[in-house]
Structure formats: C-alpha cells, structure tokens
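Visitor: Sharing a structure below in structure tokens format, with a few things to ask.
Values quoted throughout were computed directly from the atomic coordinates according to the rules given, and no laboratory measurement underlies them. Bear in mind that the values here come from a model prediction, so they are computed numbers and not experimental data. Note: ideal-geometry Cβ built from the backbone for every residue, glycine included; neighbour counts use all protein chains shown.
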Protein chains: 2
Amino acid sequence: MIVNRIRELREEKMRSSSESEQWTQEGMAKRLGVSRQTVISMEKGTYNPSLILAFKLARAFGMAIEDIFEYRDDDNET
Amino acid sequence: MIVNRIRELREEKMRSSSESEQWTQEGMAKRLGVSRQTVISMEKGTYNPSLILAFKLARAFGMAIEDIFEYRDDDNET
DNA sequence: ACTTGACGTAAAGTGAACTTTACATATAAG
DNA sequence: CTTATATGTAAAGTTCACTTTACGTCAAGT
C-alpha cells in the first residue's frame, strides 16, 4: 500500500502561499490536469495513482516522489 | 511522457548478477508480482505504470524512482 | 437571509493498465 | 536434430484510475 502526505502539503501551501487559491483542491486539480474528484481520492489515499500523476504532484510541490509517497509492502497489491 | 531505463538496468543485472535467471523478464515479473507481458510493456515504455509498480521496480533495482524513470512534460497526458 | 467558495460523497461511464493464453522466433546445449 | 530457455507479438478479457454530473454541508461575507 501507499501512504501520502498530499493533504498535509497542500494545506501548508494554502497557508503560506500568496496565491492560496492555487492550492485549493480545485486549483490543484487544474494545475495537475485532473478532476477535483481525483484530487480528493488521492488525498484520501484510497487508491494507487499513475506514475505520471505522481510526477506532476512532485513537480507541483517541488519535491521528490519519495518525499510525498511512502511505499509499504504490507500485502499483495498490483 | 515517461522515459525509463528498465531494459538497460535489467540487462546489466543479468550480466553481473550471480542469479541471472532472477533478472529475465519472467524472473522480474515474478519478483514484481505482475505478468511477463507487463514487464515487456514497461520496457517498451509505451505506457504509464502505476506508482506501486514503479516503487516495486525501484526497490528491485535498489534505486530511486527518479533514477529509473524520467518525466518529460511534452504534451497533455493524464 | 442569501450567496459564494471550499470541501465531501455517491454513482455511472470510459479508457487504459494489467492479465491470460497462445503462438512464433532465436539461441544455446545435449 | 531436438529440447529448453528467453524474448516478442497479438488478441480478448478484467479491473480500476480517472471523469463527469449532481447534490449536500459548512463557514465567511454582504
């Protein structure tokens, strides 16, 4: 399974950034080129995003994928 | 789009590793828990794997995702 | 009171990641 | 010459990431 820090990071951006509306769920969705539903699902962490989405997120936050997502091999995933 | 070094890295492992059969396409498929077709498709680079698969690959190679996959935002992907 | 913006949820649809099977080729070994 | 192993390809099926729409809540502003 995969654990992520997306919500935490996004909320920190909302607080610190001058353009906080860029960092709402909808702002992030636009920036990433996905739907708001997808942002919500990612934050919930209930699913396994594509590598491209992970790269886009990492780029948006200016971080490495490994600093946003943590992989824990508890069980049998695809 | 995403470019990767999977084939290159796997073939290097085949040459240098003592258990080279662990690094055939089929060996990798078993290790990653996917089908051999999926390994072939990944090496061809024609598609966008899941984050979990990317993590498993990175772990198999003992590298970071960013050292295996390179993200180039040429156009409009999901 | 009413609007507006940010977040949440549910449900149906689409496309692509991934599987499975089957067959074909090339190389190396016995 | 035959057998085994590694790779390639094609095609049909399944699952799930992601979309779209629609509606509901809550807090802040006017």
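Visitor: Can you list the distances in nanometres, one decimal and ascending, from the residue B:5 label point to the identical position in each other copy, with the point 7 Å along Cα to Cβ?
Guide: The answer, with the shortest distance listed first, is 2.5 nm.
Visitor: Continuing with the same structure: Just the number, please: Stokes-Einstein D of chain B in µm²/s, Kirkwood Rh from C-alpha pairs, 4 °C, 1.567 mPa s.
Guide: Working: Rh = 12.8 Å.
The estimated diffusion coefficient comes to 101 µm²/s.
Visitor: Which distances in nm, rounded to one decimal and ordered from shortest, link the label point of residue A:33 to the equivalent label points in the other identical copies, with labels set 7 Å from Cα toward Cβ?
Guide: 3.0
Visitor: For each pair in A:30/A:56; A:44/B:30; A:13/B:56; A:30/B:44; A:56/B:30, compute the distance between the two Cα atoms and list the pairs where it is over 21 Å. Mind showing how you got there, number by number?
Guide: On the way: A:30/A:56 12 Å; A:44/B:30 30 Å; A:13/B:56 30 Å; A:30/B:44 30 Å; A:56/B:30 29 Å.
Over 21 Å Cα-Cα: A:44/B:30; A:13/B:56; A:30/B:44; A:56/B:30.
Visitor: Starting from the Cα gyration tensor of region A:34-73, take the square roots of the eigenvalues, sort them a ≥ b ≥ c, and report rounded, prolate or oblate (rounded when a/c is under 1.5, otherwise prolate if a/b is larger than b/c, else oblate).
Guide: On the way: a/c = 1.90, a/b = 1.13, b/c = 1.68.
Judged from the Cα gyration tensor, region A:34-73 comes out oblate (a/c at least 1.5, b/c at or above a/b).
Visitor: So which chymotrypsin sites (Phe, Trp or Tyr not before Pro) in region A:1-72 end up in coil per DSSP with only 14 or fewer other C-beta atoms within 10 Å? Numbers along the way, then the final one.
Guide: Values: sites: A:23, A:47, A:55, A:61, A:69, A:71; in loops: A:47.
The qualifying sites are A:47.
Visitor: Loop only per DSSP, at most 16 neighbouring Cβ atoms within 10 Å: give me the trypsin sites (Lys or Arg not before Pro) in chain B, ordered by residue number. Display every interim value, and only then the final one.
Guide: Numbers: sites: B:5, B:7, B:10, B:13, B:15, B:30, B:31, B:36, B:44, B:56, B:59, B:72; in loops: B:5, B:72.
Those satisfying the criteria are B:5, B:72.
Visitor: With the label 7 angstrom out along Cα to Cβ, how close does residue B:16 come to the same site in each of the other copies, in nm, nearest first?
Guide: 3.7
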